[in-house]
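Data block below; observations after.
Each reported figure results from applying straightforward, stated rules to the coordinates on display, with no laboratory input. None of the values given here were measured: they were computed from a predicted structure. Note: ideal-geometry Cβ built from the backbone for every residue, glycine included; neighbour counts use all protein chains shown.
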Amino acid sequence: MGAGPTGLVAAMLPAAEGLRVTVLDRDPCPPDGGGEAVCRDWRRPGVSQFRHSHCLLPGGKSLLAAELPGAVERILALGGRPHHNMTGPPPRRRARSVSFPAD
Ligand SMILES: Cc1cc2nc3c(=O)[nH]c(=O)nc-3n(C[C@H](O)[C@H](O)[C@H](O)COP(=O)(O)OP(=O)(O)OC[C@H]3O[C@@H](n4cnc5c(N)ncnc54)[C@H](O)[C@@H]3O)c2cc1C
């Protein structure tokens, strides 16, 4: 299933139960350096929508928090931002404005 949302959740659920899980993906591993480096430098040709901003709806966030404690906190630590749609578009972040040369 790769290291997209489906494969990562499928891996994290048994890992949270103490099982050792190996995730395989044809894309390279993330670079060191945290959220900004990941956003700027990570090439994920296997995920065509990787450079888009993404939103997790409230139900998804609640499910993630209930089933995988610590996952929401990790997303926030990597630069995810809480956002309420009634307050306007999400704030721009510097990393989102970086353009990437074609490979
Ligand atoms: C433009 C766009 C915007 C979106 N915005 C949102 C959003 O805001 N919020 C939201 O919840 N969803 C959004 N989605 C949907 C979301 O991105 C997908 O539902 C999600 O990525 C699907 O996850 P997945 O793990 O099934 O597949 P993918 O994310 O496609 O991951 C598949 C992984 O498998 C790897 N892989 C494929 N074949 C092989 C192989 N043979 N060997 C090894 N590895 C392989 C790939 O490299 C990739 O890492 C968006 C989708 C698009 C196209």
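Averaging over all projection directions, find the projected area of the Cα convex hull of region 1-58 and quote it in nm² with one decimal place.
5.1
Would you work out if the chain is rounded, prolate or oblate? Take a ≥ b ≥ c from the square roots of the eigenvalues of the alpha-carbon gyration tensor; rounded if a/c is under 1.5, else prolate when a/b is larger than b/c, oblate otherwise.
Oblate, because a/c is 1.5 or more while a/b does not exceed b/c.
Only Lys, Arg, Asp and Glu count, each charged at its Cβ (+1, +1, -1, -1), so figure out the dipole size of the chain about its Cα centre, rounded to 20 debye.
420
Listed highest first by mean packing, meaning other Cβ atoms within 10 Å per residue, what order do 71-79, 35-43 come in?
35-43, 71-79
Which whole-Hz ³J(HN,Hα) couplings does region 61-75 yield from phi under the Karplus relation 6.51 cos²θ - 1.76 cosθ + 1.60, θ = phi - 60°, glycine and proline marked x?
Coupling constants for region 61-75: 5, 4, 5, 4, 5, 6, 8, 10, x, x, 5, 5, 4, 5, 4 Hz.
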